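Reviewing the structure listed below.
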Amino acid sequence: NNFKLLHEQRDAPLPQLNKKQPLIIVSHAYQSNRQSLAWLQELLAANGYIVAAPDHYGCTSYIPRPEECVKHWERPKDITFLIEQILADDFFKQYVDPEKIGFIGYELGS
């Protein structure tokens, strides 16, 4: 197994930016977690994207609740909520281009 869990960085300093950057939301697979695609998130961030990756309630490796994982309609709500919160946040709205928001999902995240 070549999987390596990378450490997330909270409150990481952002470089001085001349313009707002695109936002990419990364959604994890069934009973996985926000860190499972860290290799992809780091690659995106290194190439100028702001990346956000939520844990989907009850459908993570931390809190596996199969009865919650079958509620597929909750995932788009999670993503919408996350985007709304980022765009409303005084810190992040100075960095995120609201016209350039993308999404990457894997398995149930797709």
> Would you pick out the residues in the range 78-92 that are open to solvent by 90 Å² or more (accessible area, probe 1.4 Å) and of a type outside the set (S, T, N, Q)?
Replying inline: F81, E84, D90, F91
>> If I filter the range 60-82 down to residues being at pLDDT 65 or above and in contact with a His (Cβ under 8 Å, 6 or more places away or on another chain), which single residue comes out as nearest to Y95 (Cα to Cα)?
In response: D78
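The values are calculated or read from the model by the stated rules, or taken from the named source; none is laboratory data. As the structure is a prediction and not an experimental result, all values here were calculated from the model. Glycine gets a Cβ as well: all are built from the backbone with ideal geometry, and neighbour counts include every protein chain shown. In case anyone asks, the SASA skips ligands and DNA or RNA and just uses the protein heavy atoms, side chains included. Shrake-Rupley method; radii C 1.70, N 1.55, O 1.52, S 1.80 Å.
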